[in-house]
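Since every read-out is calculated from the coordinates, none of them should be taken as a lab result. As the structure is a prediction and not an experimental result, all values here were calculated from the model. So basically every Cβ, Gly included, is an ideal-geometry build from the backbone, and we count neighbours across all protein chains shown.
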C-alpha cells in the first residue's frame, strides 16, 4: 500500500498507508467514537464532505455487508484509521472495505495515531484536512484554498419523489440526506412510504394525504436551507403527526422559534447518557451533531424539551405543545448504535393511530 | 392462555402519549386535576401526574374515586348494573378545575357515568376529560374517551386484564379467552 | 424503588480459597466494595477463610469471621450479629449457593436479612436452567430448550428429538461443575451418571448442542431505577465447546456487526430488567455465525472473571460503582474519584484499544490431567495484552502467556502434520502456538476456520504477524522493519533472537532510529474526555501520554498471570508490598499483565503498566519513569541478572526461593525467624504437615502453629534455629527446618530457606504482624531497629491456627491425592483452641478438611 498523508489546516501532517481510492480529497475532519458500525458510519450522508477519524482502532474486520448500508452512494471524504483489516472472507459478504471505498472513490488512510488525533480535535474546533500523496507546501496551499460547500443537503438528498410501498400507514419522509435506518424502521412497521425532496411544500406533502410526516437526518447546517422549509414544517405540523430526527429536529426547532448553537466540536458517538425527561430514565443512542438547539431560546409556550444529554447538557428532544409533533437530535433508528430509542418510531405510529380516533 | 396485547414498554409509551395529548388539549396544565378510578386507574393517574411533574415541573393534584365492588371480577366495568362510586379520597376542590378522569379499561361506560356523578356532587368542574389505558368497545352509554392508550376490539366473552407494577409486579394488558372453566 | 436507607450492617460472603473458576478477582472486587461501603457509613462483616485475602487485611478484626464459608457458619453470623443485608455476589458460585440455601430454608426471612444485588426470585433461578429458561422464554429471549430428566431411561426417550451432539448438565449442582458434550449414547450415560450425583435434586438437563457457534459475553450494570449500561463485550476466539474461561478472549468483540452486537446488548438489558438485577450481570451467548441467531447460554448476576476482564480492559471502575448501586444509589448519582471525568459512571464505555486475554493452564504441574480444552474449565490464571491493533494485543498476550525468560516464543514445529491437525480439532493448552504453526505450514484462514470454528479474521491477523516475522528474517537490522515489528507487538527478545543478536543491540538500534514506545491511557471514553487514570499500555505511535510519576518512585514488577504454586499468595505479597512502599512515601508503579490482580487498583498502586514483563518492555518503562527502586520477583532469574547489569536500585521481592543450598528431603517442624542485622525475632514454630503417606518436603502443604510440642521444646527450637541462622549469612524472613534425627525423636536442623510466600501470609495472619511489610521495609531501609526490638511474638500462644493448601485435582478430574507445593491453587485457614484443631492422624487429608471446614 502506498504511503500517503493526512494533512490538517494547522500545518500538521501524519504519514500513513493509503487504502481504498487513491483520490486526493479535502473535508472537515471529525471523529467518531462508536465501537462498531464503520460501514453504517461511512455510508451515512451526514458525513458528506467530512473525513472521519475512527476511535475504534481495528476497522474493516467484517467487510461490507448487505444490511448495513445507510445510503447507496456514500459521499464522505475519507476514513482515518489506526489499523485496517482488508478482509473479504467474512461470513456475511464478499466485499472488503478497501474494495468498497475504491468503488465509491473514497480514500482511506491507516497507521495513524487516531487517539492522538482525537485528543487534539476535541479541543481544536472545526478543522479542514486532506488525504494526499505528498505533504508538501502545494498540498497545504490547496487545502487552505479549499472552500467546502454549504449546499450539502442538495448534494445528497433525492431531487425526485420515490415510493417505498407497503400496506400500512401512509408516511411522507422528507429527505435531507436520509439514512436508510429510518426507512428500515418504517418498513418494519409496514408503513407505505413516499420520500419527497426537501424542497417539497406543505401542499406537496398534504396532497398525498399522509397519516404522518417524518423529517430525516442530513448533513450540514440547517441554517443554510432557507425559510421555505420552515414554513412547510409549520404548516404540516398543524395538520398531521410529525416526527423529526437529526437535521430534521434542528429544522423543527427553528420552525418553532428556537435557535441553534454550533458545537465547539462535533460529537459522533453513543456513550452519552440521554435523559428521557417525561419518565426520568436514561437511554443511549447514536448521536451525530455539529449543532444543538439553544436551550435558552426554546419558547416554552410552543415547545417542551423531552430529552437532554446528561454529559454536555444539550437538548436532545422537543415536542410541540399544541400538536402531535416531536423531534430528537439523536438517531432513533439505531444504525449503528443502541436500539433503545427505536421505540420512538412506535410512538410515531401510535400518534398516527391516536389521531384517527 | 392469556395473550399480552400491551407490554410494559407499550404501556409506558401509551401513558407518555396520553400525557402529551393532555397538554395539547388543555393548552398546558393550569387548573388541571387528575382523578383515578380505583384501583388501577389511580396508579395510572399518578403516573400521568408524575410525567407532568417531570415535564412541566408542576404538581398536579391527584385524587381517587372508589368504586364499590359488586362482584369479584377481573374488570369492574363488565356488568349492566350501576356501580356506586364515592369520592372520599379527594382532598381538594374540583370546582372550576379541568378534571382528567382516569381508568384502566373503558367498557360499558357505566362506571364512568357514575364517576362523573360523584365528581359533580363535589363541585362544578370546568370540564371533565376521560383518559383510559384500554378502550375495549361494547358501550352501553353515550360515553367516549378523550385519550385512549390502546383500542382493543374484544369479544364480550373475553376478559381484559390490566396489570400495573405497583400492585401486580409488572405492567401488561392481556386478553383472556373465556373458556368454560374460566368463566365465572 | 428499594429503599436502603436503613442499611447499616452488611455481611459479605467471601470467596474462600482461590480455585479453578475464580482467582483473586473476587478478593479484588471485595476490597473495592468494602471501601465504598465504609465511605457510606455501612459496617461490613466478611466471612472468609482464604489466608491470602487482601480484603481481610482491610477490615477491623471485629468485623472479620475467619471461618469456613459454609451455610451453617453464615447462618450463625446472621443469628449472632444480625446484619441488615447479605451480599453473596462476591463469593462466586459458592456464595450464591449459600444464599440460595439460606433463602430456601427460611433463614433470610427469619433473621430479617435483605439480599443485595437481586430479588429472591432471581437468586432461585441461578444455576437452575429449567427455572431460568422459563423466565427467559417469558421475555422472548432465545434459549436452548433444556429437558429435565431424572433417569437414564427418560433421557434415552428424548435422544431422538434432541439429537447428538447434546449436552448434559446437572440441575443445581453441589460443585462448580460444567456441561458435558456427548456425541453418543454411551457418553451421555456416563455424563448422566456423574450429573445425577452432582445435582442437589438428582436431576440433569439435556439440551441441544451449539458447539461451534461463536461465544460472546456481555457485561452490564443496572441500578434500582432500571438504568442500564453495557460495560463491554468479550469475544471468545474459541467457539462454543471450549469453556469461555479456557478460551482466548478479545475485547471489544472484533468479528461482530454492529447489529449483532446491539441485539446482544438489548437481550442483556432485557434480562437485567426482568431479573431485577442491581449491580453486575454477565451473560454468555452462543451466536450462530451462519444466520446471526443467538441463544442465551449462561446468566451470571454476580462477580466473575469476565466482569473483571471487561471492566479492566475498558478502564471502567466497576467495583466502585457496583458498591454504590448495591446501597441503592442510581447510576446518575454515583460520584467517582476526581481522576475520572464527572459522570464517567454513567457513560457507556467505548474503547480505542484492543485487549486479548490468554488463559494459563496447570498441565505442567499436573501432567496427568486431560490436557484437552473442552467444556470443563481448566485454566488457573490468565494474562492480557493490550494494543492498538489486534496483532499487537495478541502478540503481547502470547508473549506474556509463554513464560519465556528471554521473550522468545516456543516452537511447536516438531509436531507431525497428523498431530497438528488433531490438535487443531482437539485443542491443547498450546492452542495459539498450534494455530500459528498451521498457518506457517501453509494452511489458509478458510481451511483453519473450517477445522477450528474460529473466525477467519483471527487467522488473517495471525498470518499478518507471520508476514512481519518473515520480513524480520529477511531484513536483518533494517530500521523500517524494526519499526514495523515493534509496531505490531514483537518483543525485543524475539527480534534479537531472529537477528541473532542481543536485546541491547535491538534497543540501541531503536534509540538511534527513534522508535520509542508511546504509552496510552486505558480509559473508558476513547479520548473524548481528558480522564486522568493511572493505567497505561505501550504502543509505537506519535503521542506518548505517560509522564513520569515524579520523585521517589518504586517500580514493582508483578508476576503476571496466576499459576499453580504460590498463586494467590504471590498476589497477596505484591499487594502488601505495594501498600508498604506507599506508606514509606513512594509513588508506586506496578507492571502486570494479570487481569485479576489486586494490586492494580488505584488504592495500591499509583500507576500501572499493562505490558509483558519482559526485559525490553521493563526497560522501556524504566526509561520513562526513572524509578528510584525497582523490585523484581524472585522467580525471574534472567530478568534479574540483566537488570543487575544496569545502575538500578534493584531489590528481589518476593525473595528467590532457590538459594543454592540443597533442600532437605523432609521436615516436620519449621521455625520462622525475622533476621535483621543482629536481631533475630522468633515469628513462630509450626508443624510442617505433609498429608498422605509421602513425607517429602515438597508435600508439606499444611501447617499448624504453634507446633504441637511442649512449650520448653518450642523455646529450645527457637534457640537452635537462631544458632543455625547465625552460622549462615541469611537475612529477612527465614525458615529453619527441623526433622527427627535418624529414628530418634530428637529434632535437628536440616535446612534453612527463605520463608515461602504461602507461609509468610499464614504467619502474618496468625501473628497479626504483617511480615510482608516488614520484609519490604528491610529492603527499602526503613526498618527501625528500636521498633523491631520491641516486637515480641508469643510462640506459645494458646490460640492455634491451621492452614491447608487447596488443589485443583477435582476440577481437573484427576485422582485426588496429597498435592505438592507447586500444585497449590489456594489455601484455607482456621483458628481455634488446640483441642478443636487437634489432628489425630497427620496423614489423613479428610480429617484435615473436616477440621478446617468445621462449623463454628
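General observations
- Linear extension gain, residue C:293 paired with residue C:39, 0.36 nm per residue minus alpha-carbon span: 87.0 nm
- Residues listed by number, the stretch A:136-178, amide nitrogen under 17 Å from residue A:204 label point at 7 Å toward C-beta: A:152-164, A:171-178
- Debye intensity ratio in log₁₀ form over the Cα atoms of the stretch C:145-208, taken at each q of 0.17 Å⁻¹: -0.45
- The Cα atoms of the stretch C:759-856 give a gyration tensor whose axes a ≥ b ≥ c have a/c of 1.5 or more with a/b no greater than b/c, which makes the shape oblate.
- Span from the the stretch B:1-60 Cα centroid across to the the stretch C:825-856 one, whole angstrom: 63
- Rounded to 5, percent antiparallel among DSSP beta bridges of the protein assembly as shown: 65
- For the stretch B:10-154, the relative contact order comes to 24 percent (Cα pairs under 8 Å, sequence separation of at least 6).
- Ranked by how many other beta carbons lie within 10 Å on average, peptides C:684-694, C:86-96, C:657-667 from highest: C:86-96, C:684-694, C:657-667
- Peptide B:38-50 has a mean of 0 when you count, residue by residue, the C-beta atoms of other protein chains within 10 Å of its C-beta.
- Shielding value for C:458-466 is 2, the average number of Cβ atoms from other chains within 10 Å of each residue's Cβ.
- Label-point gap, in nm, between residue C:137 and residue A:259 - each point 7 angstrom along Cα→Cβ: 6.1
- Value of relative contact order over the stretch A:210-357, rounded to a whole percent, pairs C-alpha under 8 Å and six or more apart: 25
- Measuring r between the beta carbons of residue C:273 and residue C:110 and using R0 = 30 Å, the FRET efficiency lands at 0.50.
- The stretch A:153-356 shape via C-alpha gyration tensor axes, a/c threshold 1.5: rounded
- Rounded if a/c under 1.5, otherwise prolate or oblate - chain C, Cα gyration tensor axes: rounded
- Estimated purely from DSSP H runs of n ≥ 4, each contributing -39500 (n - 2.57), the mean residue ellipticity at 222 nm for chain C is -10500 deg cm²/dmol once divided by its residues.
- Ranked packing of A:116-125, A:278-287, most packed first, by mean Cβ within 10 Å: A:278-287, A:116-125
- Packing rank of A:333-340, A:161-168, where each peptide gets the mean count of other beta carbons within 10 Å, highest leading: A:333-340, A:161-168
- Computed label-point distance, nm, for sites residue B:165 and residue C:645 using a 7 Å Cα→Cβ extension: 6.5
- Using a simple spin-label model with pseudo-atoms 7 Å out from Cα toward Cβ, residue A:346 and residue C:202 lie 4.6 nm apart.
- Counting neighbouring Cβ atoms within 10 Å and putting the fewest first, the residues C:728, A:275, C:559 line up as C:728, A:275, C:559.
- Measuring between their Cα centroids, the stretch C:383-452 and the stretch C:136-214 lie 32 Å from each other.
- Within chain B, helix-based [θ] at 222 nm, where runs of 4 or more DSSP H residues each add -39,500 (n - 2.57), nearest 500: -9000 deg cm²/dmol
- Residue order for C:644, C:607, fewest other beta carbons within 10 angstrom first, comes to C:644, C:607.
- C-alpha center-to-center spacing [the stretch C:658-687, the stretch A:41-71] in angstrom: 65
- Take each residue in A:268-280, count the other chain C-beta atoms within 10 Å of its C-beta, and the mean is 6.
- Relative contact order computed over chain C (Cα-Cα under 8 Å; 6+ residues apart), in percent: 12
- With R₀ set to 51 Å, the beta-carbon distance separating residue A:188 from residue C:500 gives a calculated FRET efficiency near 0.25.
- The residues B:62, A:147, C:159, when put in order of fewest to most other Cβ atoms within 10 Å, stand as A:147, C:159, B:62.
- Taking A:289, A:203, A:45 as the candidate residues, the one with maximal mean-square fluctuation in a Gaussian network model of chain A, Cα springs under 10 Å, is A:203.
- Sites residue C:161 and residue C:120, calculated FRET efficiency, Cβ-Cβ separation with R0 30 Å, nearest 0.05: 0.30
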